[in-house]
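Trainee: The structure follows.
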Amino acid sequence: MDTVTAGDASPSWRGIEHGLALLKHGVLYRVGDGRSIRIWRDNWIPRAHGMKPIGSARQCRLRWVTHLIDAQARSWDETLVRRYFYPCDVEEILKIKIPPTECPDYVAWNFEKSGLFSVKSAYRLAMRKEHGEGEISTSSTPLDGRKVWKDLWSTHVPGKVKVFAWKIANNGIPTQANKCYRHLVQHESCEMCGYHSEDCFHACVQCPHAVALRQAMREHWSLPSEEDLLYTGPQWLLILMNKYSKEVNANLFMLLWRVWSVRNSVLRAGQTISVNGSVVFLTRYMDSLVQCRHTSLQPDSKGKRCAVVGNAEAQGRGRQEQKQWIPPDPGWLKINVDGAFLPASGAAAVGIIIRDHDGHVKLAAWRVLRHCRDAEEAEAVACCEGITLAARWPDIPMTLETDCAWIVDSLKNQRHDLSINWSTLLRGEDEDGGALSLGYC
Ligand SMILES: [Zn+2]
């Protein structure tokens, strides 16, 4: 399988070379008598990556796998294996079964259970190598392939921006270089600045209009440093992403996406470049995204959760503030109610507690709800129950406290709407004979 190829080979020959390299990557020896397998140079350890031993644990003169086999016992010479290999290789080697009767070694395809080569599995292997999934590593930065792709898809940017980032990471945007490679255009020079080759990195990072926008955006966003914005190879974006936080990566993706769309609107629609226009566009876009995330942290109009985006410390603070109970005025009672709802099972429960100024519990109750529709309904039932139970002290003024902003707003402003939960709330309101004030915690 050893091959030497000329540097100035023709495209078709290069294609063959590529296929051969792929074949070498996926082919391994199955151990028979071990006479034709070179310990340190051949693929013979069946695993997903690195089918050669990672190295020798100490100086080793043994060359052939047969030297590691106890021919009489038809098994590995475990002492030898443990002496010369690192533990991770030892485990894998000892798993290989030596045939009970001596037979020659043979070649198999590692990426198919049957060991038979298939174009489909070779294609999958090629894609994995090309796109870096599973194993991405460069001499400078080792990357965890799975993690970095997962990070890309979980960045807080719109789906179209993620897809764009994914395309850049796969060299999949129609730059001049890519179009030229597919014979769609004659030259690969940048039509924006005249640079000799417009690849993804040039188009989104290097081109002068990209540099100008990036400099302007640094005033508003944190972005990767200029020293890090280097072309480190086809995986430059993944390597860059790996160095920075999710927030910085989100900013970077938005910026690259904008740079590319500016390029397209200049070249296709003849628009002029406005760095300020792009700055306004990007900052507003990002602000509205953050706003959306705030809203999504507050499920519907309940105000149930603390709408804090940012570090966990801030979120913790928010929760702490929410939990503090403030006693009612002397002579008053306070009803605290809460509803809980599990969307997965539809189970719900409500809890009610009535306390006086000193915090003494006058009444505590809870109830499991059947056939509850949503969290808001659970909250409405909790309020309704609280008001009903409070009716036993008709002469004592009370404060009803709920963490559901919608209910407080509806009751305070007598805002009778058409929602299903309003009718639930109404049942409790009718019971309210005494003085009742409303609070929101
Ligand atoms: Zn350019």
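Every number in this text was worked out from the coordinates using simple rules, so none of it is lab data. Just so we're clear, the structure is a prediction, and the values are computed from it rather than from any experiment. Neighbour counts run over all protein chains shown; Cβ positions are idealised from the backbone, glycine included.
Trainee: Sorted by packing (mean other beta-carbon atoms within 10 Å per residue), highest first, where do 75-87, 8-20 land?
Mentor: 75-87, 8-20
Trainee: How large is the charge dipole for region 173-292, taken about the Cα centre, if only the Cβ atoms of Lys, Arg (+1) and Asp, Glu (-1) carry charge, to the nearest 20 debye? Don't jump to the answer; show the numbers that get you there.
Mentor: Numbers: 10 positive and 10 negative charges, 64 e Å.
With Lys and Arg at +1 and Asp and Glu at -1, about 300 debye.
Trainee: Another one. If I model a spin label at residue 267 and residue 22 as a point 7 Å from the Cα along the Cα→Cβ vector, what separation in nanometres do I get?
Mentor: The two pseudo-label positions are separated by 2.9 nm.
Trainee: Now, a different point. Per 5 Å bin, what percent of the C-alpha pairs of region 142-292 does each bin hold, from zero upward?
Mentor: Histogramming region 142-292 at 5 Å steps yields 2, 9, 19, 23, 22, 14, 8, 3, 0, 0 percent.
Trainee: Next up: Taking a 28 Å limit on the Cα-Cα distance, which of the listed pairs 95/150; 52/147; 147/167; 24/243 fall beyond it?
Mentor: On the way: 95/150 32 Å; 52/147 25 Å; 147/167 17 Å; 24/243 32 Å.
Violating the 28 Å limit, Cα to Cα: 95/150; 24/243.
Trainee: Please state the Cα pair-distance histogram of region 11-128 with 5 angstrom bins from zero: what percent is in each bin?
Mentor: All Cα pairs considered, the percentages come to 2, 11, 20, 22, 17, 13, 8, 5, 2, 0, 0.
Trainee: Summing +1 for each Lys or Arg and -1 for each Asp or Glu, what net charge is found among the other residues whose Cβ lies under 12 Å from the Cβ of residue 273?
Mentor: Values: positive: 258, 263; negative: none.
Spelling it out: positives minus negatives among the neighbours equals +2.
Trainee: Place the peptides 325-332, 184-191 in order of packing, highest mean first, counting for every residue the other Cβ atoms within 10 Å and averaging per peptide.
Mentor: Answer by packing, highest mean first, reads 184-191, 325-332.
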